[in-house]
Amino acid sequence: MRKPRLNPDMSLEEIMAVWPAAVAVFLRHRMLCVGCPITAFHAVTDACREHGVDEDAFMKELQTVIASA
(Lines give C-alpha, C1' and ligand atoms only; values in the text may rest on other atoms or scores of the structure.)
Protein backbone atom coordinates (compact mmCIF):
# COMPACT_ATOMS: atom_id res chain seq x y z
CA MET A 1 0.00 0.00 0.00
CA ARG A 2 1.28 3.43 -0.92
CA LYS A 3 1.69 5.98 1.86
CA PRO A 4 -0.15 9.30 1.47
CA ARG A 5 1.76 12.53 1.02
CA LEU A 6 2.22 14.69 4.08
CA ASN A 7 0.06 17.79 4.14
CA PRO A 8 -0.77 20.19 6.99
CA ASP A 9 -4.48 19.30 6.87
CA MET A 10 -3.89 15.68 7.90
CA SER A 11 -4.85 14.83 11.46
CA LEU A 12 -1.96 14.46 13.86
CA GLU A 13 -3.21 10.95 14.62
CA GLU A 14 -2.89 9.99 10.96
CA ILE A 15 0.59 11.53 10.67
CA MET A 16 1.88 9.63 13.70
CA ALA A 17 0.24 6.37 12.55
CA VAL A 18 1.59 6.53 9.00
CA TRP A 19 5.02 7.88 9.98
CA PRO A 20 5.92 6.83 13.54
CA ALA A 21 9.26 8.67 13.22
CA ALA A 22 7.23 11.91 13.25
CA VAL A 23 6.59 11.41 16.98
CA ALA A 24 10.18 12.48 17.67
CA VAL A 25 9.58 15.83 15.95
CA PHE A 26 6.56 16.57 18.15
CA LEU A 27 8.51 15.63 21.26
CA ARG A 28 11.55 17.68 20.22
CA HIS A 29 9.30 20.76 20.06
CA ARG A 30 7.79 19.90 23.46
CA MET A 31 4.38 19.53 21.87
CA LEU A 32 1.99 17.55 24.05
CA CYS A 33 0.29 15.96 21.03
CA VAL A 34 1.67 12.46 21.53
CA GLY A 35 -1.01 10.55 23.39
CA CYS A 36 -3.44 13.48 23.44
CA PRO A 37 -7.07 12.53 22.71
CA ILE A 38 -7.44 15.56 20.42
CA THR A 39 -4.90 14.30 17.84
CA ALA A 40 -7.72 12.81 15.79
CA PHE A 41 -9.20 16.28 15.38
CA HIS A 42 -6.14 18.56 15.21
CA ALA A 43 -3.99 19.19 12.18
CA VAL A 44 -0.42 20.50 12.10
CA THR A 45 -1.72 24.06 11.79
CA ASP A 46 -3.78 23.69 14.98
CA ALA A 47 -0.95 22.11 16.95
CA CYS A 48 1.62 24.69 15.88
CA ARG A 49 -0.72 27.52 16.79
CA GLU A 50 -1.52 25.97 20.19
CA HIS A 51 2.14 25.44 21.04
CA GLY A 52 3.60 28.59 19.48
CA VAL A 53 5.71 26.68 16.95
CA ASP A 54 6.55 28.07 13.50
CA GLU A 55 4.47 25.95 11.13
CA ASP A 56 6.74 26.25 8.09
CA ALA A 57 9.83 25.19 10.04
CA PHE A 58 7.89 22.38 11.72
CA MET A 59 6.60 21.05 8.38
CA LYS A 60 10.12 21.12 6.91
CA GLU A 61 11.40 19.15 9.88
CA LEU A 62 8.55 16.64 9.59
CA GLN A 63 9.22 16.20 5.87
CA THR A 64 12.92 15.61 6.52
CA VAL A 65 12.20 12.94 9.14
CA ILE A 66 9.55 11.28 6.97
CA ALA A 67 11.82 11.22 3.90
CA SER A 68 14.56 9.45 5.86
CA ALA A 69 12.19 6.92 7.46
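The values are calculated or read from the model by the stated rules, or taken from the named source; none is laboratory data. Predicted model, so just to flag it, every value in this text is computed and none were measured. Areas reflect the complete protein model, heavy atoms only, side chains present, ligands, DNA and RNA absent. Shrake-Rupley method; radii C 1.70, N 1.55, O 1.52, S 1.80 Å.
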Once fully extended, how much extra length lies between Glu55 and Ile38, figured as 0.36 nm per residue of separation less the alpha-carbon to alpha-carbon distance?
4.3 nm
From DSSP H assignment alone, runs of 4+ in the chain each adding -39500 (n - 2.57), the sum over residues rounded to the nearest 500 puts [θ] at 222 nm at -14500 deg cm²/dmol
So if each residue of separation counts as 0.36 nm, and I subtract the Cα-Cα distance between Arg28 and Asn7, what length gain in nm does that give?
5.6 nm
Would you compute the Debye intensity of the chain from its alpha-carbon atoms alone, equal scatterers and no solvent, and pass along log10 I(q)/I(0) at q = 0.11, 0.25 Å⁻¹ to two decimals?
-0.21, -1.21
Accessible area per residue in Å² at 1.4 Å probe, computed on the chain
66
